[in-house]
Amino acid sequence: MLGMMRGLWLYRHFVLSSIRNEQRSRFARSKLGVLWMVLNPLAQVAIYALILSNVLSAKLPGIESQYAYAIYLMAGLLAWNLFSEIVSRCLTLFISQGALMKKISFPRITMPTIVVGSCLINNLLLFLSMLGVFTLLGHSLSFTLLWLFPLTLNVVMLAVGVGLILGVLNVFIRDIGQVVPIILQMGFWFTPVVYPINIIPEEYRHLLEFNPMYAFTNAYHQILVYQTTPDLLHLVPIIGVSLLLLLLGLFLFRRSSAEMVDVL
Amino acid sequence: MSILSIKNLGKSYRSYSSEWKRIARWFGLTAQGVDEHWVLRHINFDIQPGEAIGVVGQNGAGKSTLLKMITGVLEPSEGEVQVNGRIAAILELGMGFNPDLTGRQNVIHSAGLMGYSHEQIFRALPEIEKFAEIGDYFDAPVRTYSSGMQVRVAFSVATAFRPDILIVDEALSVGDSYFQVKCINRIKKFLEEGTTLFLVSHDVGAIKTLCQRALLVDAGRIILDADALSVIKLHQSLMLKKENDTNQSSRIKKNTRNISQAEKLTDDLQVSGDVLVVKEAIEAVDIRFLDESNRPISYVVSGQPLTVEISVKFKKQFHDPHIGFGIRDKNGLVIYETNTYCMNKELGAVQKNDRVSVSYSFDCHLGAGDFSFVVGVANEGYGKGSFRDNLYYDHEFKVLKVLQTGDDIWAGFFNLCPKLKINIANS
């Protein structure tokens, strides 16, 4: 573990310049450039809002703004997009970087770090553009926003843990790469992002507790939609789970990195 | 103290009956049904600072695996690699270049991947740009580069910092010849400054020019660790033997009646250092250098007529034998090679105890120096100069000295004897 940290520190400039290069090359030769990074999720929000707001807005309790549903959607997507982007990129990370891993010796931990860094930048841009939209819609925010920092960190921990475990296994068992996108898709619909929690019948609601992302989207909603402090007691178990998954992910990653090169 | 020390190094690939067993092993559980396949084993050697070592061997012998373990890309399955210095490897040039970024950005990225700090990279950047010699393209996206330009940038960054150990794997045969010379000069400069070189190449000439010592890797073992020349000789003999073996085994499949005969041939194959002889086939081979009036000579003056006469005594009958010769310089570079098959001539079938002699006559326009003559005898040619059976091959049968007289002034390997025409116009 200490070796990993040392390697990361030695390669810090490399990590930073890789993140920058990634953003650069992603939007090279496109006219709107960085804008695409936020236009995509915002278009998603617009589609859901347009189609579902009349059906669902009445059911959003405790908020009277006519744009309440759109705001609710954005808050949930902010959390979900971060999670799913990190997981799906970690999933194929080692396979797509296989050629490089087989030729050049460098600290492997830089690869997931670069993914996290570049996903965080995407998330930040999305967040800033959402703030812009909120202001346009006349939705005010308070200092509870600061809660987003520890929450983001926590989502990253969970996502990296899950992503590393799946990414490592995917190198050896390629079926995982096929099944995970399906599970992520299902996870999206089993997490209250598009719909409010109260449309789920009371007797099934406790099942959501098994979805680790539920606690996070819930907290994001509390902060961004209702401007209240998130329910900390609700978050404690999931913080523990995230930490465990992250440690398990790092352990698998360390154990497998020698054999990964053999089978890639 | 040695700069690189390899002790009982080995690499095995494990295949599991189920991938879950592999995963169980990471958690410390012992798994059944593991199949170990060793690709390299019991490798031992030490390298002193400043040595230049060539690594030769057939494809799949384990050379790349060995290098990858030295660079740290592959984890050894047993034994250890002890490195006392910084390693740089040129394994595949332009690895990881991003086509949408400029040459400069890619250089910064690659150097970062090699582990250099930002300050070091920016200090070396002007020198890298200068060495690549691609002008304004350095700040254009790599996708607009020709493949030669990409190689130039890649080599410049790979060798921007002098490492303690430089590993080069088949990377010198890229780019135009001007840049190739530049690359070799840079490597030579590194050597003078004390870098240890590890050169893997099928280009025997490069190994002969750069390395004093060489390792011959075959089937996962080092079978010879000696001076470069002897290693290369054995390597080439083994390659020929292999060619014979595969030719014969393919014939065995075609015609089962020939099995016993073919096996006998393989058994009787004798490879000793630089000479390959099928004992049952050839009794004696001789080569003579003759002048205009057919007198034997041991030296020739550049530009004078020369006859190379090769005589072979066969021990067996062959239906389509061919005899050839080649000339190499003292570095082992092939200057010329030909044989009766390539010249579209047939000797016709030969019987047991036939003595056949062929002579090649030409004006010897070689430059001054010692040249070794290669002699080969083979049976049944096909394709562009390949043979079903190689019967005899000697890398250095005889040496001929070529002298250059004072009234014939030119420089180089070979006199092209150009015709000169001068036109002066005054209008």
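Between B:Arg213, B:Arg221, B:Arg251, the distinction of being modelled with pLDDT under 55 and either of a type in the set (Val, Ile, Thr) or surrounded by fewer than 19 Cβ atoms within 10 Å (Cβ to Cβ) (or both) belongs to B:Arg251 only. Scanning the range B:53-62 for residues that are at pLDDT 85 or above and out of contact with any Lys or Arg (no Cβ under 7 Å at 6 or more places or on another chain) turns up B:Gly54, B:Val56.
Selection of helices (runs of 4 or more DSSP H) fully inside the range B:1-117 by the criterion of at least 2 residues being away from chain A (no Cβ under 11 Å) and not aromatic (Phe, Trp, Tyr) returns B:63-71, B:103-113. What residue, of B:Ser110, B:Ser117, B:Ser77, is among the polar types (S, T, N, Q), closer than 29 Å to A:Arg6 by Cβ and assigned by TED's automatic domain parsing to the domain that holds B:Ile187? Exactly one residue qualifies, and that residue is B:Ser77. Looking only at residues that are within 14 Å of chain B (Cβ to nearest Cβ) and of a type in the set (Ser, Thr, Tyr) in the range A:111-169, which one is least open to solvent (accessible area, probe 1.4 Å)? So, considering only residues that are within 14 Å of chain B (Cβ to nearest Cβ) and of a type in the set (Ser, Thr, Tyr), the one least open to solvent (accessible area, probe 1.4 Å) is A:Ser118. Residue selection: A:Arg20 satisfies the criterion of being within 14 Å of another protein chain (Cβ to nearest Cβ), over 14 Å from A:Val194 (Cα atoms) and open to solvent by 30 Å² or more (accessible area, probe 1.4 Å).
Scanning the range B:325-368 for residues that are in a strand (DSSP E or B), over 23 Å from the mean Cα position of the chain (by Cα) and closer than 20 Å to B:Asp291 by Cβ yields a total of 8. Counting only residues that are in contact (Cβ under 8 Å) with a residue 24 or more places away in the chain and open to solvent by less than 20 Å² (accessible area, probe 1.4 Å), which one in the range A:211-221 is farthest from A:Asn154 (Cα to Cα)? Taking the candidates together, the pick is A:His221.
Just one of the listed residues (B:Glu127, B:Glu75) is of a type outside the set (Gly, Ala, Ser), open to solvent by 40 Å² or more (accessible area, probe 1.4 Å) and touching a helix residue (DSSP H, G or I) at 6+ places or on another chain (Cβ under 7 Å), namely B:Glu75. Residues in the range B:105-133 that are closer than 19 Å to B:Phe179 by Cα and not hydrophobic (A, V, I, L, M, F, W, C) were compared, and the one that is farthest from the chain's Cα centre (by Cα) is B:Pro126. Looking across the range B:130-148, the residues that are more than 10 Å from chain A (Cβ to nearest Cβ) and open to solvent by 30 Å² or more (accessible area, probe 1.4 Å) come down to B:Lys130, B:Glu133, B:Gly135, B:Asp136, B:Tyr137, B:Asp139, B:Thr144, B:Ser146, B:Ser147. Listed here are the helices (runs of 4 or more DSSP H) enclosed by the range B:133-217 that have at least 2 residues being over 19 Å from B:Leu66 (Cβ atoms) and touching an Asp or Glu at 6+ places or on another chain (Cβ under 8 Å): B:147-158. Confirm whether A:Leu2 is at pLDDT below 80, away from chain B (no Cβ under 11 Å) and crowded, with 19+ Cβ neighbours inside 10 Å. For A:Leu2, the condition - at pLDDT below 80, away from chain B (no Cβ under 11 Å) and crowded, with 19+ Cβ neighbours inside 10 Å - is not met. Suppose the filter is open to solvent by 40 Å² or more (accessible area, probe 1.4 Å), at pLDDT below 90 and not assigned by TED's automatic domain parsing to the domain that holds B:Val285; does B:Gly383 pass it? Judged against the criteria, B:Gly383 is not a match.
In this entry, B:Leu347 passes the filter for residues that are out of contact with any Gly (no Cβ under 8 Å at 6 or more places or on another chain), modelled with pLDDT under 90 and crowded, with 16+ Cβ neighbours inside 10 Å. Quick one: how many residues across the range A:86-98 are touching a residue at least 60 places away in the same chain (Cβ under 8 Å) and open to solvent by 10 Å² or more (accessible area, probe 1.4 Å)? Of the residues in that region, 5 qualify.
Would the range B:181-194 turn up any residue that is open to solvent by less than 60 Å² (accessible area, probe 1.4 Å), at pLDDT below 85 and among the basic types (Lys, Arg)? Yes - at least one qualifying residue is present in the range B:181-194.
Out of A:Leu232, A:Leu224, A:Leu208, A:Leu248, one residue alone is more than 30 Å from A:Gln97 (Cβ to Cβ) and either within 14 Å of another protein chain (Cβ to nearest Cβ) or buried (at least 20 other Cβ atoms within 10 Å of the Cβ) (or both). It is A:Leu224.
The values are calculated or read from the model by the stated rules, or taken from the named source; none is laboratory data. If you're wondering where the values come from, they're calculated on a predicted model, not measured in any experiment. Every residue, glycine as well, gets a Cβ built from its backbone with ideal geometry; the counts of neighbours run over all protein chains shown. Side chains included, ligands, DNA and RNA excluded: accessible areas come from the protein's heavy atoms. Shrake-Rupley method; radii C 1.70, N 1.55, O 1.52, S 1.80 Å.
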